[in-house]
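Here the structure comes first, spelled out in structure tokens, and everything after it is commentary.
Here, each number is a calculation from the coordinates, and none is a lab measurement. Please read these numbers as outputs of a predicted model, since none were measured by experiment. Backbone-built Cβ (ideal geometry, glycine too); neighbour counts: all protein chains shown.
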Amino acid sequence: MKKYASVLVDINKLGTKTFSYLVPEKMKENLKIGQAVSIPFGRRKENLKAYIVGFTNYLEEGIKPKEIDEILELEPLFSLEYLNLLEWVANYYCCDLQTVLNTALPQKFFEKNVKKYRAPRIKNEVFNTGKKEENIILSPAQEEVYNQIKRIGAKTSLIHGITGSGKTEIYFKLIQDTINEGKNVIFLAPEIALVSQLTMRSIERFGKESIAIWHSSITEAQKYETWKKLKNNEIKILFGARSAVFAPIQNLGLIIIDEEHDSGYKQTMPNPRYNAKDVAKKLCELYDAKLVLGSATPSIESYYEAINTNSLFKLKERYNKASLADISIIDMKTERAEKNYSLFSKTLIQKTKEEVEKGRQVIYLINRRGYSSYTQCMECGEVIECKKCAIPMIYHSQTNSYKCHWCSCEIEASNLRCPKCNSSALEHFGTGSQKVEIKAKEMFPSYRIERLDSDSLSKKNEHIEILKRFQNKEIDILIGTQMIAKGLDNKNVTLVGVINADLSFNLPDYRSSERGFSILTQVAGRAGRGENKGKVIFQTYSPQNLFLQNAQNQDYETFFENETKTREMFDYPPYSKIIRLILSSKSEFKAQKASSEIELYLSEYLKKLSLDETILVLGPSPCVINKIRDEFRYNIIIKNKISTMGHRTILRFIKSIKLPKDIKLAVDIDPNDIL
Ligand SMILES: [Zn+2]
Ligand SMILES: [Zn+2]
């Protein structure tokens with residue numbers, strides 16, 4: 001019996017909400033989850049468009065529901081299984097279903113000018129690939145990995161392939177197999193630029209008709225169209241960034257997640273703070289599909305799991321037998337002792353000249369945007385900080401202003417004086433990408449030098465233009481932040497200089513070594529992808545750093561061993577799962593008091609359940625960045641060593657928390673960082 005239906009509706013200012021409606025007798029037979037219906041709402045004259053998300057036979061007392069007026073689309077736009085996936089996301093990431101639906105469904109779903117229902121064109125025939133299949137020729141090393149993956153047939157497989165080893169060829173072969181079986185594929189990349197690159201490559205291989213793209217730059221109208229095509233089984237391969245895991249692909253056979261270590265797969269703001277990798281795992285479970293992860297620097301968690309489930313596959317050589325670059329570490333302390341005060345070591349200057357003179361190209365990585373890292377008063381020592389966030393403001397030379405990288409507020413630099421002593425003797429310290437650009441242009445006045453970082457993203461398509469010019473050999477030296485470490489495949493790059501390798505390691509966060517190792521390895525992988533051997537230079541003030549040495553040797557295995565030892569000692573993932581509670585308030589006292597109380601209750605609660613040795617509670621403590629946008633932040637870190645059972649226990653506790661209105665609680669499950 002379907003007496004009442006709960007429907008999801010978008011009410012302009014309130015956002016989407018669910019309400020209960022009476023199901024009219026005549027609709028009882030054909031009303032289904034996912035259908036669009038028309039409902040009377042409040043005192044409005046016009047009906048609203050809504051979606052059926054559930055049925056019930058009972059309502060709370062006192063509710064007098066109205067009747068559903070009409071079915072607008074007979075063909076449901078989502079299924080019960082789909083709703084189950086979203087419910088799982090809501091439960092696991094501790095937010096409500098509404099929020100997840102908002103993220104997952106295109107906004108166009110709720111537009112008022114509702115078209116009449118039209119029957120879908122159903123295409124079910126197996127994708128015709130013609131002769132293209134023969135094009136996929138694997139090297140012996142690729143062939144071996146491909147065969148192993150097929151033979152073992154693990155639910156989740158991890159391909160650990162060094163940079164330039166040609167993982168994509170294996171992905172394509174697996175895609176081909178899946179399509180031949182009559183099933184469909186989702187292919188995720190961490191960034192829109194990488195998604196576009198992959199899509200171009202696969203159009204050449206699989207043709208245009210059955211391919212679609214899904215990421216945040218696609219318009220809502222396009223998403224709506226793609227959604228319908230997906231529902232009608234007209235799409236065989238969907239390429240996308242993290243949000244593509246919510247696209248309603250039919251008949252799923254395979255999900256591929258390339259650069260699986262990338263933090264871009266996790267949404268940090270706003271809710272739901274989901275990780276596409278974990279949602280993909282769930283999706284594969286629901287549809288009995290396979291998941292293939294790939295990276296040159298896998299995340300510690302994925303690698304650990306792959307080892308323990310016998311599903312790790314290694315590609316140890318570069319495609320076309322290209323050799324890995326030679327990496328050297330240069331101690332900048334020695335350079336200074338020899339009176340070289342420039343940002344560039346003598347070796348880097350000399351090598352840059354040699355390579356550019358030969359018509360080859362160079363990359364300089366500096367993992368910080370802006371001009372400097374902080375500005376200090378030379379009279380009293382005060383550091384210029386953002387008034388709303390407790391972090392130093394970053395000087396930007398292009399705009400001659402100070403910017404806060406957290407809240408994006410900006411102040412004019414020309415008349416700025418020290419807020420403490422009013423002195424005008426302010427000096428910039430540390431190095432950002434703008435400074436490297438300026439200094440490089442001074443050092444090499446005749447070379448063509450350009451910069452690529454998220455500041456150059458502000459102008460539409462500028463970063464694509466820069467990358468195009470770089471591929472066309474119109475730029476000699478490309479300077480950039482970690483953006484240039486990803487996916488860039490230019491065979492003419494023979495030298496990579498890392499201006500300050502230490503920057504990648506010194507964040508106070510348990511993942512900082514992993515991130516540093518990964519960025520350095522990835523950027524080193526940009527050198528020597530063609531016929532000419534590459535050279536990489538890491539400039540550092542701490543050459544003894546073990547992880548820097550691991551990156552120099554491109555030795556993931558040793559890095560993994562070292563890093564897991566530390567993680568085990570301190571119960572960090574993969575030896576636990578982390579849940580982070582962040583309490584924030586305009587009043588520091590209130591934020592601190594509330595977090596202390598929660599910590600106390602939580603500890604007592606776990607003790608009562610005798611779980612205080614398997615679920616560890618740290619804090620409360622002020623967050624590393626203890627103020628953002630005028631709100632003080634405290635956090636409690638929970639390390640759960642008993643996975644699913646522990647997770648449920650903690651969530652039950654979190655849901656029981658009641659806070660005054662002026663205190664906010666954010667729950668971050670499996671956070672990217674704990675800053
Ligand atoms: Zn700020
Ligand atoms: Zn001062």
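Can you sort 330, 349 by how many other beta carbons sit within 10 Å, fewest first?
Ranked by crowding around the Cβ, least crowded first: 349, 330.
Express as a percent, rounded to the nearest 5, the fraction of DSSP beta bridges in the stretch 138-319 (both residues included) that run antiparallel.
If I count the DSSP bridges inside the stretch 138-319, around 5 percent turn out antiparallel.
What distance in nm separates the two pseudo spin-label positions at residue 320 and residue 17, each 7 Å out from Cα along the beta-carbon direction?
6.0
Assuming a ≥ b ≥ c are the square roots of the Cα gyration tensor eigenvalues, decide whether the stretch 138-319 counts as rounded (a/c under 1.5), prolate (otherwise, with a/b larger than b/c) or oblate. Don't skip to the answer; put the middle values down first.
Details: a/c = 1.56, a/b = 1.30, b/c = 1.20.
Prolate, because a/c is 1.5 or more and a/b exceeds b/c.
If you build the Cα gyration tensor of the stretch 526-591 and take the root of 5 times each eigenvalue, what three semi-axes come out, in whole angstrom, biggest first?
Details: eigenvalues 281, 71, 36 Å².
Sorted largest first and rounded, they come to 37, 19, 13 Å.
Assuming 0.36 nm per residue, please report the length gained on full extension of the stretch residue 454 to residue 66 beyond their Cα-Cα distance.
134.6 nm
With label points built 7 Å along Cα→Cβ from the Cα atoms of residue 541 and residue 565, find their separation and express it in nm.
Computed distance between label sites residue 541 and residue 565 equals 2.7 nm.
Go through the chain and flag any cysteine with no other cysteine's C-beta closer than 4.7 Å, please.
94, 95, 284, 407, 409, 623
List nothing, just return the count: lysine pairs in the stretch 4-110, 8 or more apart or interchain, with Cα separation under 17 Å.
11
Kindly identify the stretch 425-521 as rounded, prolate or oblate by the Cα gyration tensor criterion: order the square roots of the eigenvalues as a ≥ b ≥ c, call it rounded if a/c is under 1.5, otherwise compare a/b with b/c, prolate if a/b is larger, else oblate.
Oblate is the answer for the stretch 425-521, as a/c is 1.5 or above yet b/c matches or exceeds a/b.
Rounded to two decimals, what ratio of Rg to Rh does the chain give with C-alpha atoms and a Kirkwood Rh?
0.98
Loop-only check: which GluC sites (Glu not before Pro) in the stretch 132-172 are DSSP coil with at most 14 other Cβ within 10 angstrom?
Loop-located and lightly packed - none at all.
With unit charges on the beta carbons (Lys and Arg positive, Asp and Glu negative) and the dipole taken about the Cα centre of the chain, which residue among 246, 470, 76 sits farthest to the positive side?
Going by the Cα projections, it comes out as 76.
Determine the distance separating the Cα centre of the stretch 252-295 from the Cα centre of the stretch 619-638; give it in Å without decimals.
Each part's Cα centre sits 29 Å from the other's.
Trypsin sites (Lys or Arg not before Pro) within the stretch 148-226: which are DSSP loop residues with at most 15 other Cβ atoms inside 10 Å?
155, 208
Provide 353, 358, 229 in ascending order of the number of other Cβ atoms located within 10 Å of each residue's Cβ, fewest first.
Ranked by crowding around the Cβ, least crowded first: 358, 353, 229.
Assuming R0 = 45 Å, can you tell me the calculated FRET efficiency for the pair residue 420 and residue 347, based on Cβ-Cβ distance, to the nearest 0.05?
0.60
As an exercise, take the mean of 1/r over every pair of distinct alpha carbons in the stretch 1-112, invert it, and state the Kirkwood radius in angstroms.
14.4
Using a Förster distance of 45 angstrom, determine the FRET efficiency expected from the C-beta separation of residue 645 and residue 398, and round it to 0.05.
Efficiency, rounded to the nearest 0.05: 0.25.
Testing the spin-label approximation: label points 7 Å from Cα along Cα→Cβ at residue 597 and residue 383. State their distance in nm.
For the pair residue 597/residue 383, the computed spacing is 3.3 nm.
Mind sorting 428, 405, 261 by how few other Cβ atoms lie within 10 Å of their own Cβ, fewest first?
By the 10 Å Cβ count, ascending: 405, 428, 261.
Given a Förster radius of 41 Å and the C-beta distance between residue 43 and residue 630 as r, what FRET efficiency does 1/(1 + (r/R0)^6) yield to the nearest 0.05?
Rounded to the nearest 0.05, the efficiency is 0.60.
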